[in-house]
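Here, each number is a calculation from the coordinates, and none is a lab measurement. Since this is a predicted model, take the numbers as computed values, not measurements. Here the Cβ positions follow ideal geometry from the backbone for every residue, glycine too, while neighbour counts run over all protein chains shown.
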Amino acid sequence: MTTVKFSVPFESLIEAITSLDLEKKRQILEILEDLLFEAEEESIEQEPQVIAEIEAARKAYQMGDYQTIQGYIASQSGKNL
């Protein structure tokens with residue numbers, strides 16, 4: 001697949017989008033949401049606090065300091081009575 005990059009003035013892009021029918025606008029929205037999700041996910045993974053929390057969770061897991069889903073469900077079922 002060949003990728004071509006070019007620059008379009010933002011105003012021209014807005015004009016082009018507003019001229020599209022509803023289905024094409026929905027397609028663009030879906031593409032933008034996917035791109036935003038990916039970019040936000042990459043950004044979050046680089047934050048020092050998130051990196052520290054992931055490392056702490058890994059250490060806790062390695063030390064056996066975790067609860068399985070089954071264990072959690074069992075502990076909660078007694079509380080609901």
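Data table
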read-out	value
Cα centre as origin, Lys/Arg/Asp/Glu Cβ charges: the chain dipole, Debye	360
Positive-pole candidate from Ser43, Phe6, Met63, dipole of the chain, charges at beta carbon	Met63
Segment 12-80 shape via C-alpha gyration tensor axes, a/c threshold 1.5	oblate
Those lysines that a straight Cα-Cα span of less than 23 Å connects to Lys25, excepting residues fewer than 8 apart in one chain	Lys5
The chain, helix-only ellipticity at 222 nm - DSSP H runs n ≥ 4, -39,500 (n - 2.57), divided by all residues, nearest 500	-24000 deg cm²/dmol
